[in-house]
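Here's the structure we're looking at; comments come further down.
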Amino acid sequence: QLPDPQRPDACRRQQDHHGRRARREGYPARSVYKLQEIDRRVGLFTKGQRVLDLGASPGSWTLYAAEKVGPSGRVLGIDLNDPELALPAHAEIRTLDAFEADPKSLGGPFDLVISDMAPKTSGQRHADQFRSYELVIRALELAKAVLEPGGSFVAKIFQGAEFEDARRAMREVFGKVRTIRPEAPRDESYELFLVGLGFEPLNP
């Protein structure tokens, strides 16, 4: 049973529980369970995939993706911070700003692009929501540049005034777009994930 979002103590206990579980299972953060749930609901991963992970630090999503694609696949994470995490040989995390990343330097194409990028929250909700929207649009720009036709895309977004703009932008290039609010531990009640399936390049 999920904690009542109006009861911060209950939410904190739930998050602490999942944080301890993540450490027991070898993941640096509980955010892995959000990706795990999205994967369970839409079937993101298959063996041998090439995956680009945006906003990868501290590495839970990269590690989970590497486990799912197996040694025949490849996972590249990028983040502003350099995580201290041991990864298997077919995965790496580079210290790189997503806004400065040259798609050609990332070694694509990729079958899946995942983004857990989020702004440093300021306490001003609309400003934070707009910055989250900007990160999603940048992640989408990179996805459009590196995804194989038929590929998939996942991005975290703070629900706000620009949410529908982000969803419309994804619908232009994906055959199906879903909005998922994982039941796994939520740091913010307005945190959602946009999932694009069946990438259709505008200029194939």
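The values are calculated or read from the model by the stated rules, or taken from the named source; none is laboratory data. Worth saying up front: this structure is predicted, and the values here are computed from it rather than measured. Here the Cβ is made from the backbone with ideal geometry for all residues, glycine too, and neighbour counts use every protein chain on show. Protein only, heavy atoms only, side chains kept; ligands, DNA and RNA dropped before computing areas. Shrake-Rupley method; radii C 1.70, N 1.55, O 1.52, S 1.80 Å.
Summary of computed values
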read-out: Residue satisfying all of: in the range 44-62; more than 16 Å from VAL154 (Cβ to Cβ) and within 13 Å of the chain's Cα centre (by Cα); surrounded by the most Cβ atoms within 10 Å (Cβ to Cβ) among these; value: GLY59
read-out: TYR64 being touching an Asp or Glu at 6+ places or on another chain (Cβ under 6 Å) and part of a helix (DSSP H, G or I); value: no
read-out: Counted residues, the range 71-95 - those being in a loop (DSSP other than H, G, I, E, B) and either open to solvent by less than 70 Å² (accessible area, probe 1.4 Å) or small (Gly, Ala, Ser) (or both); value: 9
read-out: Count - residues of the range 98-136 that are within 20 Å of VAL154 (Cβ to Cβ) and in contact with a helix residue (DSSP H, G or I) (Cβ under 7 Å, 6 or more places away or on another chain); value: 17
read-out: Among (1) surrounded by fewer than 16 Cβ atoms within 10 Å (Cβ to Cβ); (2) under 18 Å from PHE99 (Cα atoms) - the single one ALA155 does not satisfy; value: (1)
read-out: Residues of the range 154-184 satisfying the condition of being β-branched (Val, Ile, Thr) and either in contact with a Lys or Arg (Cβ under 6 Å, 6 or more places away or on another chain) or over 12 Å from SER132 (Cα atoms) (or both); value: VAL154, VAL173, VAL177, THR179, ILE180
read-out: Members of the range 158-177 found to be surrounded by 15 or more Cβ atoms within 10 Å (Cβ to Cβ) and within 25 Å of ARG74 (Cα to Cα), listed by number; value: MET170, VAL173, PHE174, VAL177
read-out: Qualifying residue in the range 27-37 (condition: open to solvent by 10 Å² or more (accessible area, probe 1.4 Å), more than 14 Å from the chain's Cα centre (by Cα) and at pLDDT below 95); value: yes
read-out: Output for the range 112-136, where each listed residue is surrounded by fewer than 19 Cβ atoms within 10 Å (Cβ to Cβ) and of a type in the set (Phe, Trp, Tyr); value: PHE130
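One line per residue, one yes/no per condition, for (1) touching an Asp or Glu at 6+ places or on another chain (Cβ under 6 Å); (2) without any contact (Cβ under 8 Å) to a residue 60 or more places away in the chain:
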position	(1), (2)
GLN124	no, yes
ALA127	no, yes
LEU135	no, no
GLY151	yes, yes
ASP165	no, yes
